[in-house]
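The values are calculated or read from the model by the stated rules, or taken from the named source; none is laboratory data. Worth saying up front: this structure is predicted, and the values here are computed from it rather than measured. With ideal geometry, Cβ positions are generated from the backbone for all residues, glycine too; neighbour counts draw on all protein chains shown.
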Amino acid sequence: MSSYEARFKVWRGDVEGGGLEDFAVEVNDGEVVLDIIHRLQATQAPDLAVRWNCKAGKCGSCSAEVNGRPRLMCMTRMSVFDRDETITVTPLRAFPVIRDLVTDVGFNYTKARQVPAFVPPEGLGPGEYRMMQEDVDRSQEFRKCIECFLCQDTCHVVRDHEENKPAFAGPRFLMRVAELDMHPLDAAEEAGLDRRRTAQDEHGLGYCNITKCCTEVCPEGIKITDNALIPLKERTVDRKYDPLVWLGSKIGRRSSAG
Amino acid sequence: MVDRQEWDVVVVGAGGAGLRAAIEARERGARTAVICKSLFGKAHTVMAEGGIAAAMGNVNAGDNWQVHFRDTMRGGKFLNQWRMAELHAQEAPQRVWELETWGALFDRTKDGRISQRNFGGHEYPRLAHVGDRTGLELIRTLQQKIVALQQEDFRETGDYEARLKVFQECTVTRVLKDGERVSGVFGYERESGRFFVLEAPAVVIATGGIGKSFKVTSNSWEYTGDGHALALLAGAPLLNMEFVQFHPTGMVWPPSVKGILVTESVRGDGGVLRDSGGRRFMFDYVPDVFKDKYAESEEEADRWYDDPDHNRRPPELLPRDEVARAINAEVKAGRGSPHGGVFLDVSTRMPAEVIKRRLPSMYHQFKELADVDITAEPMEVGPTCHYVMGGIAVDSDSAAARGVPGLFAAGEVAGGMHGSNRLGGNSLSDLLVFGRRAGWHAAEYASGRAAARPRVDDAQIDAAAAEALRPFSAESGEPAEGPPENPYTLHQELQQTMNDLVGIIRREPEMKQALEKLGELRVRARRAGVEGHRQFNPGWHLALDLRNMLLVSECVARAALERTESRGGHTREDHAAMDRAWRNVNLLCALTDPTGGLAATDPVRGQITLARETTEPIRPDLLALFEKEELVKYLAEEELYE
Amino acid sequence: MATGTEPPATEPRPRSGGVTAGTRAAIDAPHLRTDRWWLAPAATAAGLLAFVVYSTWRAFANADYYAAPYVSPFYSPCLAENCVPMKAGPNWEIFGSWWGISPAIIILIFPLGFRLTCYYYRKAYYRGFWASPPACAVAEPHRKYTGETRFPLILQNIHRYFFYAAVPVAVILTYDTVLAFRDERYDWGHMGLGTLVFLVNIVLIWAYTLSCHSCRHIVGGKLKHFSRHPVRYRMWQWVSRLNARHMQLAWASLLSVALADLYVYLVASGAFDDPRFF
């Protein structure tokens, strides 16, 4: 058991303004950044605002930027830093700040509402659903998402361009579209909803330039770009940019959904 | 000054039970508001790993609700509110299937149905699951169902929140009343610190548990017993609060993750417990009643994994309470691991790749948080406060709290369903079954009262606001009372007290000492002061939560002191045996001062009054599901011959 | 306080801009990263640039691309009359005699287009050359961003057509590799160091081509029910495994194709003698 004193810079302030405040704080073996923030609360800054819940990387509440990188504070071990390194903790920089490390993540909840929900197939009651494991594997990967919104925060489409927010759903919710489009029993198409087309037209899939930062920051290790966004782009191409597929579906041989 | 809104049903808490209640209330036509302390979708339900217990019989067709009911009653040592256990077992499959129609994707069987897994105490494979993240799937599905309903309302009215609205990051501090009846809730927005009142004839409490009163816990900061306290303050009694489940295996090191759960599947898959000398100590702790069901030698125990029909189970798979007690005893005897736990080893039991495949999240949890490679070295584990079986006393069918018309409760905050000990997997199904029932009956109750909405009393609002603002004036408070107290320090002392004195193993003098300490903390908590302003101020939030934690802690300590037997989640060193005479006794906690003003209560006598109550006899057709020989172990003579 | 649809209490200052925009936490620095975040984009840019320079020189050189039995992959198939004759080799004079410049240009357009619209290379050059973004959580230097929503970048959506074209090219390069099992007098059953270079190259070319995201979509990714198409599901799984290595394969095949060409150049220009094994 060894402890040492670490130097921290923590952003404090609100929408009116603020700045990085210096702290010297004790660090013990095995601690994570969130522990240090809690120690600051308990000893030096009782009103330091921070969100957290499970402390085990399962709820996705304690998202922040540590040394400029979007991370979960509960999963960032102090041992990855040098002892003489100053550690900078700031709130997520893609969203409006509320106070200290807490930001207004309402953007994400607004986007969540804009993705039409699962459409249950007609004629199947509860208990009658039959789905094969290989058919649910893909969507299950996306449902591992803990909604920490780190991907939404790091994505340069909205991080660097506030004006794109209305048009772009962000990786998390494009992945939601992909999840539903790959759901074996989603009956959106029968109900007249073309998820592939709306991905491009309504959720801004075209803004994504697949630079993979969302995949890099995902604490759940979901391959957002390779498994959700690119397949969704390909599915959109089927609908919008592939005359062969278009012709095929017009002739009515068989739907591309298989 | 205080923002007021009118709703039909207000649900406090947005975990599994709260969201299920809100969905039901809204679908039955009630305008429903949900209030939660965290962001929408972050509730503690996400932590659940194992699965949802429901007798669908997908894996073993022999399963049905009667078997599930039997398992639940056995697990709870027959103290369960049997009608709840019955409804739970009957309705759980329907609740799980319903999730599929809302988009949930469970792991599948070969023929495409929902796969079910084995778990402690369940006779058949029964837990619907998604890997080891079932709770996340549950909360996300309910969240997305709520969004679906909001989209429906948007299409109709142009407003997403016309009939169903989530007030996230808000805390309720008081349930308001009009005479006997509920009239709404008072709370504050965490973000701005602004107060608000939601007027409603029906309030559903679904706030979860009380784990944050204990030092070592698998629970998150939200688990401060808010709902328990709200109900108490509103005049509703709490039931059997002495029953607190300590999960035997939580992480003990590093300190930052102490208490985080190590899933039961580790032992189910072959993990063994060892002391510092490398001995498998569990063989020393098999109680007499289980002697014929558990192996006596390591050789026999090891054969069980491959041939369960001809060998007895390894003692590592004893019920949670037994294992937790054994670990506790080993550590006390000085045979613990360096960081005060014992060793849980899978590394010598399975090849590395099998461990990684079967226990992926455990592998990562230890790798990332403790720098321990569980495929190469043992884990260090110790008991952790996990769940409270006790809670608000409710009517089994309607989830209505006793004594307060318009108040409902569901989920962990409600008592009775699990008796003295909860089986793994039964909590998620509990949330769904009774969440739905609470929402249904709350909506029905509210629509019956639509014409005569209860009146919200301004005086109550002012009193609640004054109570909530008290920590800000404590800094400059009357000097006679003493210096202001740091809420963080008070919280740590409370957790230490409960952990050491009302923990896994309980003794009369220690519990008396705990009650004294709680009295002292209660006096000091009145001086809990905070710095800064009302906008997102965690110090202030904690100061307010302290009231709730102190109330429920006193309930736990008083009830534990009163029950002079050991049963399930309540272990007395001085009364080590289960006593059949206690089988049909419920302990009810109520507020001593029925006006709900806490200031006037006696610091020594405390705030809680206990009452004993004899439970309703178990219905004969349900009793008939058990063998006579088994019932003899639990039921008193006179109960048997009625 | 509700789930985020209410406007914030204070009217945000500017409605555009990035991390320094009005409502965000007031931090002036475009990023606070302390690691060497610039290294990856710089290395990518350098690597791509080196290839572009080399391949441009070689494509326009119109010389030293054939040394029996090896033909440079840059010049295969050779489709104009001005090609060097290669016995049984891939020269088909489709373009006739009017084509005056290097015949490599005709065919290189396809692999070039394939790689230019490739999902991996897009990431690489968006980051490396266009700094959009230079690295994760590092502010990009552009005032506006429309991504791949409009011309010309919307054309990235035609990637699958280049995939369709890349397959026959890979077939022809396979043919070239088979031809490399001859000696310089066109006798079969021989091998030299060049044959080995060609073998490695063609394996990497195929691995890269088949690991393409469009290919993954076409073989099975587009399906809704894998369970109803077991064969395509198996193929999809196989392609998915390759696809996970798409970046590595992109670089490896880029390097190998350049090396194969360089090898032919060295042998053809007489700078190096192809060591024969048998």
Inspect all residues belonging to the stretch C:237-244 and state whether any of them is closer than 20 Å to A:Leu232 by Cβ, assigned to a loop (DSSP other than H, G, I, E, B) and among the aliphatic types (A, V, I, L, M). yes
Just checking, does the stretch B:486-502 include any residue being outside any helix (DSSP H, G or I) and under 27 Å from the mean Cα position of the chain (by Cα)? yes
Could you check, for the stretch B:269-281, whether at least one of its residues is at pLDDT 85 or above, among the aromatic types (Phe, Trp, Tyr), touching a strand residue (DSSP E or B) at 6+ places or on another chain (Cβ under 7 Å) and not in a strand (DSSP E or B)? yes
What is the number of the single condition among (1) over 22 Å from the mean Cα position of the chain (by Cα); (2) closer than 30 Å to B:Ile505 by Cβ; (3) in contact (Cβ under 8 Å) with a residue 40 or more places away in the chain that B:Ala590 does not meet? (1)
Within the stretch C:26-79, track down each residue that is within 19 Å of C:Ala166 (Cβ to Cβ), in a loop (DSSP other than H, G, I, E, B) and in contact (Cβ under 8 Å) with a residue 40 or more places away in the chain. C:Ser72, C:Ser76, C:Pro77
Kindly indicate which of B:Gly390, B:Gly334, B:Gly341 is surrounded by 19 or more Cβ atoms within 10 Å (Cβ to Cβ) and at pLDDT below 95. B:Gly341
Options A:Pro126, A:Pro166; residue that is surrounded by fewer than 24 Cβ atoms within 10 Å (Cβ to Cβ), more than 8 Å from chain C (Cβ to nearest Cβ) and closer than 20 Å to B:His129 by Cα: A:Pro126
Meets criteria (crowded, with 24+ Cβ neighbours inside 10 Å, more than 14 Å from the chain's Cα centre (by Cα), hydrophobic (A, V, I, L, M, F, W, C) and farther than 30 Å from B:Ala48 by Cα) for A:Ala188: no
The one condition B:Val354 fails out of (1) touching an Asp or Glu at 6+ places or on another chain (Cβ under 9 Å); (2) without any contact (Cβ under 8 Å) to a residue 40 or more places away in the chain; (3) part of a loop (DSSP other than H, G, I, E, B); (4) among the hydrophobic types (A, V, I, L, M, F, W, C) is (3)
Residue set C:Tyr175, C:Tyr126, C:Tyr145; condition assigned to a helix (DSSP H, G or I) and more than 29 Å from C:Leu196 (Cβ to Cβ); output residue C:Tyr126
Within the stretch C:207-228, restricting to residues that are assigned to a helix (DSSP H, G or I) and in contact with a Pro (Cβ under 7 Å, 6 or more places away or on another chain), the one that is farthest from the other protein chains (Cβ to nearest Cβ) is C:Gly221
Scope the stretch A:83-93; condition farther than 15 Å from A:Glu5 by Cα and more than 9 Å from chain C (Cβ to nearest Cβ); matching residues: A:Val89
List the number of the failed condition for B:Thr101; all other conditions in (1) under 27 Å from B:Val266 (Cβ atoms); (2) of a type in the set (Ser, Thr, Tyr); (3) without any contact (Cβ under 8 Å) to a residue 24 or more places away in the chain hold. (1)
Selection within the stretch A:71-114 - polar (S, T, N, Q) and either out of contact with any Gly (no Cβ under 8 Å at 6 or more places or on another chain) or not in a helix (DSSP H, G or I) (or both): A:Thr76, A:Thr86, A:Thr88, A:Thr90, A:Thr103, A:Gln114
Would you call A:Val158 farther than 21 Å from A:Ile224 by Cβ and surrounded by 23 or more Cβ atoms within 10 Å (Cβ to Cβ)? no
The stretch A:225-242: number of residues that are in a helix (DSSP H, G or I), of a type in the set (D, E, K, R) and modelled with pLDDT under 95: 3
Within the stretch C:123-131, is there a residue that is under 23 Å from A:Asn164 (Cα atoms), of a type in the set (Phe, Trp, Tyr) and buried (at least 22 other Cβ atoms within 10 Å of the Cβ)? yes
List pairs: first residue in the stretch C:116-145 and at pLDDT 95 or above, second residue basic (Lys, Arg) and in a helix (DSSP H, G or I) anywhere in the structure, Cβ distance under 6 angstrom, at least six positions apart or on different chains. C:Tyr121/C:Arg115
In the stretch B:42-59, the residues that are within 18 Å of the chain's Cα centre (by Cα) and either assigned to a helix (DSSP H, G or I) or within 11 Å of chain A (Cβ to nearest Cβ) (or both): B:Lys42, B:Ala43, B:His44, B:Thr45, B:Val46, B:Met47, B:Ala48, B:Glu49
Scan the stretch B:572-584 and tell me whether some residue there is surrounded by 17 or more Cβ atoms within 10 Å (Cβ to Cβ), at pLDDT 95 or above and of a type in the set (S, T, N, Q). no
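Residues are listed down the side, and each one gets a yes or a no for (1) farther than 29 Å from B:Gly16 by Cα; (2) more than 10 Å from chain B (Cβ to nearest Cβ):
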| residue | (1), (2) |
| --- | --- |
| A:Gln41 | yes, no |
| A:Pro46 | yes, no |
| A:Arg51 | no, no |
| A:Ser61 | no, no |
| A:Gly68 | yes, yes |
| A:Met73 | no, yes |
| A:Phe81 | yes, yes |
| A:Val119 | no, no |
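Quick grid of which residues meet (1) in contact with a strand residue (DSSP E or B) (Cβ under 7 Å, 6 or more places away or on another chain); (2) under 30 Å from B:Tyr294 (Cα atoms); (3) surrounded by 24 or more Cβ atoms within 10 Å (Cβ to Cβ); (4) in contact (Cβ under 8 Å) with a residue 60 or more places away in the chain:
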{"site": "B:Gln94", "(1), (2), (3), (4)": "no, no, no, no"}
{"site": "B:Ile146", "(1), (2), (3), (4)": "yes, no, yes, yes"}
{"site": "B:Glu156", "(1), (2), (3), (4)": "no, no, no, no"}
{"site": "B:Tyr160", "(1), (2), (3), (4)": "no, no, no, no"}
{"site": "B:Lys165", "(1), (2), (3), (4)": "yes, no, yes, yes"}
{"site": "B:Val175", "(1), (2), (3), (4)": "yes, no, yes, yes"}
{"site": "B:Glu189", "(1), (2), (3), (4)": "yes, no, no, no"}
{"site": "B:Ala206", "(1), (2), (3), (4)": "yes, no, yes, yes"}
Filter the stretch B:103-127 down to the residues that are within 12 Å of chain A (Cβ to nearest Cβ) and not hydroxyl-bearing (Ser, Thr, Tyr) and list them by number. B:Gly103, B:Ala104, B:Leu105, B:Phe106, B:Asp107, B:Arg108, B:Lys110, B:Asp111, B:Gly112, B:Arg113, B:Ile114
For C:Arg160, indicate whether it is surrounded by 16 or more Cβ atoms within 10 Å (Cβ to Cβ), more than 14 Å from every other protein chain (Cβ to nearest Cβ) and of a type in the set (Lys, Arg). no
Residue check for B:Gln81: closer than 26 Å to B:Gly419 by Cα, in contact with a strand residue (DSSP E or B) (Cβ under 9 Å, 6 or more places away or on another chain) and away from chain A (no Cβ under 14 Å): yes
With criteria (1) more than 25 Å from A:Glu65 (Cα to Cα); (2) within 10 Å of chain B (Cβ to nearest Cβ), A:Ala178 comes up short on (2)
From the options C:Gly96, C:Gly113, C:Gly89, C:Gly100, residue that is of a type in the set (Gly, Ala, Ser), more than 9 Å from every other protein chain (Cβ to nearest Cβ) and not in a loop (DSSP other than H, G, I, E, B): C:Gly113
